[in-house]
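Note sheet for the following structure.
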Amino acid sequence: MSRPRLARATGALALVAMLSLAGCGGSQGASGSSDDSFTYALVTPGAAGDGGFIDSAIAGTKRAEKELGVTGRVVEAESVSQQESVLRSTVATHPDIILAPGLDPDSLLAVATENPDQLFGVPSDILTEDLPDNVQAFSIDMHEASFLGGYIAGSMTETHKVGAVLGIDNPGLNQFYYGFKQGVLEACPECTVTPSYLNGEFSDPAVGQEAALSLYQGGADIIYGVAGLSGQGVLTAAKQQGAYAIGVDSDQDADAPGTVITSVMKRVDTSTFNLIESAKKDEFTSGFVAAGMADGVSGLSWDDGSTVFADEGPEAMTAKLPETEKDVDALRKKILDGDLEVCDALNDPSSAACSNLGLAG
């Protein structure tokens with residue numbers, strides 16, 4: 001599905017390190033406020049500790065607490081069936097803004113439409129054609145950063161077989177997958193890239209582990225895990241098999257030192273912070289905000305100075321890093337300069353770049 005009326009985010013977006021879990025705070029009126037009593041509520045589709053976008057969103061709220069003086073709380077809605085009722089009960093506490101990363105679009109839009117005076121922010125993608133006037137949603141494009149992660153995998157694979165474990169077969173996650181696949185083939189045209197989809201299971205590491213083990217036992221030596229908490233199972237399987245993984249969303253390099261080569265970062269922390277900041281400054285505007293690698297909301301853990309794999313990985317693999325890092329820097333420049341088109345399976349699945357990868361737009 002294409003996303004209409006996407007406005008390019010302006011200016012470079014600041015980066016931030018992961019921080020601790022969100023605390024509790026009071027509640028105020030529904031419209032944006034600029035005083036010290038400004039409050040937020042973060043409604044998540046699962047528990048903290050996913051090592052991915054939920055933890056990243058929490059980090060963004062903690063940054064806002066520290067830098068903007070806001071207060072707030074985290075509310076978990078672990079199943080889709082709970083989300084609408086949790087959102088309604090959260091509205092009743094009157095936070096200045098409700099942040100809703102990864103929630104069911106129908107539930108969120110129903111509650112937002114019925115409560116036009118309550119501001120809602122979506123820091124991490126929502127698949128819908130239109131938004132009510134009280135909703136702003138970030139669309140963080142991940143194909144370019146995934147391409148760089150794929151290039152690293154293609155440069156470092158020893159079996160010429162690479163895999164990807166994905167939570168569901170949909171355009172949003174295929175944006176990760178096809179960008180990654182293109183990057184692998186850029187580095188290693190003779191490589192094969194095999195996906196394994198988990199049929200919507202994002203919260204069970206055992207399911208992710210089982211899928212990854214099947215790929216590793218089939219000859220893959222590096223796997224990209226894009227499956228929320230289920231993706232933690234990919235890291236477990238990689239360690240178990242003496243193989244390697246590419247992390248996703250947050251910096252997962254230290255989750256399995258010497259196993260995770262790099263992490264493809266989706267900076268939900270930054271988009272969460274920006275939503276809170278704009279609402280607090282009375283600068284909140286409705287609609288979609290598209291952002292990507294050029295805006296600092298996607299990239300690699302290496303960009304933040306991570307050297308975990310360089311320090312902990314086996315010598316035969318770490319010896320490949322200096323040349324690979326040099327190539328990645330050059331490819332990043334080509335992408336940002338518009339000299340290299342990366343398949344965007346979410347916004348432009350019929351492009352030549354996507355067609356060359358076998359994606360039928």
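Some observations on this one:
- Globularity index of the chain is 0.96 (Cα radius of gyration / 2.2 N^0.38 Å, N = number of residues).
- Cα Rg, Dmax (largest Cα-Cα span) when computed across segment 297-361, Å: 15.5, 42
- Structural descriptor for the chain: relative contact order 20 percent, calculated from alpha carbon pairs under 8 angstrom and at least 6 residues apart.
- Dimensions (Å) - segment 209-309, Cα atoms, principal axes, largest first: 53, 26, 19
- The simple spin-label model puts a point 7 Å past each Cα toward its Cβ; for residue 159 and residue 311 those points are separated by 2.9 nm.
- Structural descriptor for segment 143-201: relative contact order 49 percent, calculated from alpha carbon pairs under 8 angstrom and at least 6 residues apart.
- Taking Cα atoms only, the orientation of helix 205-217 departs from the longest principal axis of the chain by about 20 degrees.
- Counting only protein heavy atoms and a probe of 1.4 Å, the accessible surface of the chain is 48% carbon and sulfur.
- P(r), alpha carbons of segment 59-135 - 5 Å bins starting at zero, rounded %: 3, 15, 27, 26, 18, 9, 2
- In this rough spin-label picture, where each label sits 7 Å from Cα along the Cβ direction, the residue 204-residue 127 distance is 2.0 nm.
- Heavy-atom accessible area ranking, 1.4 Å probe, most first, across 357, 336: 336, 357
- Probe 1.4 Å - accessible area at residue 333, Å² to nearest ten: 130
- Expressed as a fraction of 2.2 N^0.38 Å, the C-alpha radius of gyration for segment 147-214 is 1.11.
- For residue 178, the accessible surface of its heavy atoms amounts to roughly 30 Å² (probe 1.4 Å, protein chains only, rounded to the nearest 10).
- According to the Cα-based calculation, Rg over Rh for segment 233-274 is 1.10, with Rh computed by the Kirkwood formula.
- Spatial separation of Cα centroids for segment 115-135 and segment 52-75, in angstrom: 19
- Placing one equal scatterer on every Cα of segment 133-292 and applying the Debye formula, the log10 ratio I(q)/I(0) at q = 0.16, 0.18 Å⁻¹ is -0.82, -0.99.
- Full-extension gain in nm, residue 66 to residue 194, via 0.36 nm per residue minus C-alpha separation: 41.8 nm
- Listed peptides 54-62, 344-352 by packing density, highest first (mean Cβ within 10 Å): 54-62, 344-352
- C-alpha center-to-center spacing [segment 183-239, segment 256-281] in angstrom: 22
- Using alpha-carbon coordinates, inclination of helix 53-68 to the longest axis of the chain, degrees: 50
- Taking only the C-alpha atoms of segment 246-295, the Rg (one decimal) and the largest Cα-Cα distance, Dmax (whole number), read 14.9, 45 Å.
- In degrees, nearest ten, helix 268-280 long axis to first principal axis of the chain (Cα): 20
- Relative contact order of segment 154-256: 30 percent, from C-alpha pairs under 8 Å at least 6 residues apart in sequence.
- Nearby lysines by direct alpha-carbon distance to residue 281 (threshold 18 angstrom, same-chain neighbours under 8 apart not counted): 62, 66
- Taking all protein chains together and rolling a 1.4 Å probe, residue 266 ends up with roughly 20 Å² accessible.
- Long-range HN-HN contacts of residue 262 with modeled amide H, under 5 Å: 247
The values are calculated or read from the model by the stated rules, or taken from the named source; none is laboratory data. The structure displayed is predicted, hence computed values, not measured ones. Neighbour counts run over all protein chains shown; Cβ positions are idealised from the backbone, glycine included. Ligands, DNA and RNA are excluded from the accessible area calculation, which covers all protein heavy atoms including side chains. Shrake-Rupley method; radii C 1.70, N 1.55, O 1.52, S 1.80 Å.
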